[in-house]
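The values are calculated or read from the model by the stated rules, or taken from the named source; none is laboratory data. Here the structure is a predicted model, which means the values were calculated and not measured. Neighbour counts are summed over all protein chains in view; Cβ atoms, including those assigned to glycine, are modelled from backbone coordinates with ideal geometry.
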Amino acid sequence: MKWAGGKRWLISNSKSILPNTLEINNYFEPFLGGGAVFFHLEPLSGRLSDLNQDLINSYTVIRDNWADLIEILSKYNKQHCDEFYYDIRATKPKTQLKKAARFIYLNRTCWNGLYRVNKKGEFNVLIGTKTKVILDEDNFQEISILLKRMDIEACDFETSIDRAGAEDFIFVDPPYTVKHNLNGFVKYNENIFSWEDQIRLSKSLTRAIKRGAYVLILNADHSSIKTLYKGVGKMITMERASVIAGSSEARGIYSELAIKCW
């Protein structure tokens, strides 16, 4: 799935900062999103979680019922057009299978794969330029096999992190914007991930590190984050291209911070 803040760029350019899966017990990812790091590492066991229930439901259906899901998506692929997109966007499916089909269809055909809901919790992103619902590289059966190794849960990040123990690996990628220099960092990010949540996250990770867990944190390359995690691990500044923007002029190269704790 395409996800704002996804880490495919990390796999392409900086995968050397990731651990060898043979050297860890369990893999934890409490902000799953598109799961690029999980699908790259292919760990043998662990826990995947996210607060977005529609996202987690989709992974659960891929794991447990991929064949029926691909059948529905194939039909959507043939029917895709402007009218069909907005009809599906307006629906409220009752079954987990149809909820997952709707979520993946909208993810692949909406503008830039953006996930956004209004105050009523209704998905309201406009149709995008992509027309393929089924991609050439899709292998839902293989993804299902990988996901069967994992516990998958919709929950708060702290619930998941507190379950990690010695020699477990936690990959932490909370929501944040890289465009923090245009405004005060805390103010700019408050609506996507509050500063109180940042503090709560740092405390839960500090507890996990004391239990012997390995932790890799990705966050904004900003002084407030560096102060928050001072003395916790090795800080590495990385550069990446931002692609979520309304015009090419608004896109560019931004720095992000990695904190390696092992």
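Of note, residue 89 does not satisfy the criterion of being under 30 Å from residue 161 (Cβ atoms), at pLDDT 95 or above and among the basic types (Lys, Arg).
Pairs meeting the criteria (first residue in the range 111-127 and assigned by TED's automatic domain parsing to the domain that holds residue 88 and under 17 Å from residue 99 (Cβ atoms), second residue at pLDDT 90 or above and part of a strand (DSSP E or B), beta carbons under 7 Å, at least 6 apart or on different chains) are 117/123; 125/110.
Among the residues of the range 93-123, how many are outside any strand (DSSP E or B) and at pLDDT 95 or above? Break it down stepwise before answering.
Going through the range 93-123, the residues outside any strand (DSSP E or B) turn out to be 93-109, 111-116, 118-122.
In the following step, the residues that additionally are at pLDDT 95 or above were identified as 93-109.
Total satisfying the criteria: 17.
Annotation note: Cβ proximity below 9 Å between a residue of the range 1-24 that is over 21 Å from residue 107 (Cα atoms) and in the same structural domain as residue 254 (by TED's automatic domain parsing) and a residue that is among the β-branched types (Val, Ile, Thr) and outside any helix (DSSP H, G or I) (sequence gap 6+ or interchain) occurs for 14/236; 17/236.
For the subset of the range 210-248 comprising residues that are among the hydrophobic types (A, V, I, L, M, F, W, C) and in a loop (DSSP other than H, G, I, E, B), which member is modelled with the highest pLDDT? Explain how you work it out, then say what you get.
At the first step, the residues of the range 210-248 found to be among the hydrophobic types (A, V, I, L, M, F, W, C) are 213, 215-218, 220, 225, 228, 232, 235-236, 238, 241, 243-245.
When the remaining residues are screened for being in a loop (DSSP other than H, G, I, E, B), the result is 213, 232, 243-245.
Details: 213: 97, 232: 94, 243: 46, 244: 40, 245: 40.
Checked the range 210-248; the qualifying residue modelled with the highest pLDDT is 213.
Within the range 60-82, does at least one residue satisfy the condition of being of a type in the set (Phe, Trp, Tyr) and more than 30 Å from residue 161 (Cα to Cα)? Yes, the range 60-82 has at least one match.
Selection over the range 6-32 of residues that are within 23 Å of residue 151 (Cα to Cα) and in a loop (DSSP other than H, G, I, E, B) gives a count of 11. Among the numbered conditions (1) surrounded by fewer than 14 Cβ atoms within 10 Å (Cβ to Cβ); (2) closer than 30 Å to residue 204 by Cβ, the only one that residue 94 does not meet is (2).
Checked against the criteria, residue 163 does not count as modelled with pLDDT of 95 or more, in a helix (DSSP H, G or I) and of a type outside the set (S, T, N, Q). Taking the range 139-160 as the range and being outside any loop (DSSP other than H, G, I, E, B) and of a type in the set (A, V, I, L, M, F, W, C) as the test, the residues that pass are 140, 143, 145, 146, 147, 150, 152, 154, 157. Filtering the range 2-18 to residues that are under 18 Å from residue 235 (Cα atoms) and polar (S, T, N, Q) leaves 13, 14, 16. From the list 32, 22, 44, the one residue that fits, being touching a strand residue (DSSP E or B) at 6+ places or on another chain (Cβ under 9 Å), of a type in the set (A, V, I, L, M) and either surrounded by fewer than 17 Cβ atoms within 10 Å (Cβ to Cβ) or modelled with pLDDT under 95 (or both), is 44. Taking the listed residues 68, 64, the one that is surrounded by fewer than 18 Cβ atoms within 10 Å (Cβ to Cβ), in contact (Cβ under 8 Å) with a residue 60 or more places away in the chain and not assigned by TED's automatic domain parsing to the domain that holds residue 193 is 64, with no other qualifying.
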